[in-house]
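The values are calculated or read from the model by the stated rules, or taken from the named source; none is laboratory data. As the structure is a prediction and not an experimental result, all values here were calculated from the model. Reconstructed Cβ throughout: ideal geometry from the backbone, glycine too, with neighbour counts over all protein chains shown.
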Amino acid sequence: MFSERAVSIALTAVVGIVLLAMAWGAQDFLRYSRHFPFTFGLIGAVLAAVIIFRDLVVARPPVPDEPVGDAASEGGHSPLQVFAWFALYFGLVPVLGFPLATGVFTVAFLRVVAGAGWILAIVYAAAAMGFIFFMGSMLNMEWPTGFVSRAIMSRMG
Amino acid sequence: MLDALMQAFAGILTFGTLLPLLLGVVVGIVIGVLPGLGGVVGFSLLLPFVFNLEPSAAIAMLIGLAAVVPTSDTFPSVLMGIPGSSGSQATIMDGYPLARKGQGARALGAAFTASLMGGLIGALVLTAAIPIARPLILMFGSPELLMLAILGLTMVGILSAGNALRGVLAGIVGLMIGTIGAAPSDPEYRFTFDILYLYDGVPLIVVALGLFAIPEIVDLLASGRAIAPEKGGANMGQLMRGIREGFAHWRLVLRCSGIGVIIGAIPGLGGSVVDWISYSQAKATIPNNHFGEGDIRGVIAPESSNNAKEGGALLPTLLFGIPGSGSMAVLLGGMTLLGIQPGPSMVTTDLPITLTAIWSLAIANILGVVICIALAGVIARLCFVPFPMLAPAILLVVVFGAYQATRSWGDWVALVLLGILGWLMKRYGWSRPAILVGFVLAPITEQYFFISMSRYGLEWMLRPGVVIVGVLILALLVSGFLLSRKEKKGVA
């Protein structure tokens, strides 16, 4: 397993590389558009290199040299699990459409993660969907539709 | 002038004006509580109603909304660590840590008191400045605006004290994210990779929600606890304590309100930086502070300035017809619909309308704060609910707020990517405010640098306004450095 320190240094390195790539890419821009991203991209890349050098050689590590923990706290969930729930939510949207996906996600999340009862979960989900429809009509918003909701709508004519 | 002021006051106290004002205040409070919905959305909601109103009543309604958004946006900033609007980003820095200590009601009490005083000071300055504002505002050309943007950028160093190198790097990351999209000086789209969503750049609200809201949701779900694991005392008692602290720090309120009015009055700088500038100068000048760990002064400073800024922003809007922000642009549109032509006539023939706007600003601030304080005790209880129960609602509000930006899938993709970046940065001790400050100031800095160089060459550096702001920047940096050195010595 990587240590916290190693991951921190890797993060700095990735940021530095991205900034360097942006500075490099900026050279292709028109004259006046080039200076700002080129200059700051380059300064950022150099700064990232300095920070990595400092962390590796000169100073004490910026974060404790402990293994990266993905374990959840007592009663909680690991960050990866939380991101997996986000992925499920956004994954449901193209299938069910935003309002329905929110309802399904809310029920599933409350049942599995919060340990709520069915009635509370369903009332909560209905309120969430109500909020979406209310705000949608107030602000004249069109929510992303899913193929299931599109199929239902086309059947209804 | 005094007679006209009294006449306008009498006019606003009629049912036909007070009711629209109250409606504006209520809509403004709701808009402020929901992240992503700023004044622009609020004005757009109210504009259809202004047609049937008298001009003074319509102005009262619109100003009522604008006045209270910076007050109610404190709720999500303090209680959930989610910026309610672009003007309440810095409130998170100390408001949220206070909420996590179970002192959310205290933070809200102090914030609302500071908002009230800031809003009233804004209205007062607006009244006093109307006759003399014109030459003052015209003093600010592109070089002065550039220096103010640089003043904002130097705050990055102050915000990331303790890990200055990483803070500056974070600021540069923000600047580079800010360069995505159309360039200000050439017909060029930068770093867009032919993705249509990126042509207008990444929206500020998506960046703010991604960097601040998503990491908090992830960490709170990972902990499995409530936002505030332990109660910090009775909500009512804390609320009163916060209110007392707001009044006790009146000097800080006065100073930050002054900053708010000045920044608000300068068209082109935008209200998104005013809270950061106030927060950073407070951090750099108050000795023995614990900013970032739940210092009540870290709530008071940005909250007083973001309300005061509205008074300042009305100056160029009314006197020149130049909107200082997006919401002021919509207000200007509303005034045009009503047949009111902003400009010099606002201090002559249309003076009653201007004075109605000022009174509306003052009264709306009072009404808004009273309503928010009445709600604060109840809403602060949310901090003690186990977070997994709150998470779907908060996630929905965040997702909804992000989608408001451009109403496309790109908002959600950017939200998740920035959320992952924000979570990593939070975990490894990077300054997320520094990214946000860099992001907000990138287009302004580049644009005014380009204009200053094209118009004045290097001589722009010799303009009196530039020199004054330059000295101010140096003074802030030196005082911040001396303070941190003194504190380090004290610790040693």
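Here is a yes/no grid of residues against (1) crowded, with 24+ Cβ neighbours inside 10 Å; (2) more than 17 Å from B:Y279 (Cβ to Cβ); (3) away from chain A (no Cβ under 12 Å):
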residue	(1), (2), (3)
B:L146	yes, yes, yes
B:R166	yes, yes, no
B:L169	yes, yes, no
B:Y199	no, yes, yes
B:P215	no, yes, no
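For the stretch B:336-355, the condition holds for no residue, the condition being that it is surrounded by 20 or more Cβ atoms within 10 Å (Cβ to Cβ), under 22 Å from the mean Cα position of the chain (by Cα) and assigned to a helix (DSSP H, G or I).
Do we find a residue being within 15 Å of the chain's Cα centre (by Cα), part of a helix (DSSP H, G or I) and modelled with pLDDT of 85 or more anywhere in the stretch B:136-147? Scanning the stretch B:136-147, I find no residue that is within 15 Å of the chain's Cα centre (by Cα), part of a helix (DSSP H, G or I) and modelled with pLDDT of 85 or more, so the answer is no. Number of residues in the stretch A:1-46 that are farther than 22 Å from B:Y189 by Cα and modelled with pLDDT under 90 equals 8. Checking B:L319, B:L269 one by one, the residue that is surrounded by 24 or more Cβ atoms within 10 Å (Cβ to Cβ), at pLDDT below 90 and more than 19 Å from B:T74 (Cα to Cα) is B:L269 and no other. Counting just the residues of the stretch A:1-60 that are free of Cβ contacts under 8 Å to residues at least 40 places away in the same chain and not in a helix (DSSP H, G or I), which one comes out surrounded by the most Cβ atoms within 10 Å (Cβ to Cβ)? In this case the residue turns out to be A:F29.
All but one of (1) within 14 Å of chain A (Cβ to nearest Cβ); (2) touching a residue at least 24 places away in the same chain (Cβ under 8 Å); (3) farther than 30 Å from A:V7 by Cβ hold for B:S454; which doesn't? Of (1) within 14 Å of chain A (Cβ to nearest Cβ); (2) touching a residue at least 24 places away in the same chain (Cβ under 8 Å); (3) farther than 30 Å from A:V7 by Cβ, only one is false for B:S454: (2). Across the stretch B:406-443, the number of residues qualifying as of a type in the set (D, E, K, R) and farther than 17 Å from A:A13 by Cα comes to 3.
Each row is one residue, and each column tells you yes or no for (1) surrounded by fewer than 15 Cβ atoms within 10 Å (Cβ to Cβ); (2) basic (K, R); (3) away from chain A (no Cβ under 11 Å); (4) on the phi < 0 side of the Ramachandran plot.
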{"site": "B:R407", "(1), (2), (3), (4)": "yes, yes, no, no"}
{"site": "B:K426", "(1), (2), (3), (4)": "no, yes, no, yes"}
{"site": "B:G429", "(1), (2), (3), (4)": "yes, no, no, no"}
{"site": "B:G438", "(1), (2), (3), (4)": "no, no, no, yes"}
{"site": "B:F449", "(1), (2), (3), (4)": "no, no, no, yes"}
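Only a single item in (1) modelled with pLDDT of 90 or more; (2) away from chain A (no Cβ under 11 Å) is not met by B:L204, and it is number (1). Please tell me if B:E310 is touching a Ser or Thr at 6+ places or on another chain (Cβ under 6 Å), charged (D, E, K, R) and at pLDDT 80 or above. Here the answer is no, as B:E310 does not meet what is asked. Across the stretch B:1-48, the number of residues qualifying as surrounded by fewer than 17 Cβ atoms within 10 Å (Cβ to Cβ), more than 25 Å from the chain's Cα centre (by Cα) and not in a loop (DSSP other than H, G, I, E, B) comes to 12. Of all positions in the stretch A:136-151, at least one carries a residue that is more than 25 Å from B:R225 (Cβ to Cβ) and buried (at least 20 other Cβ atoms within 10 Å of the Cβ).
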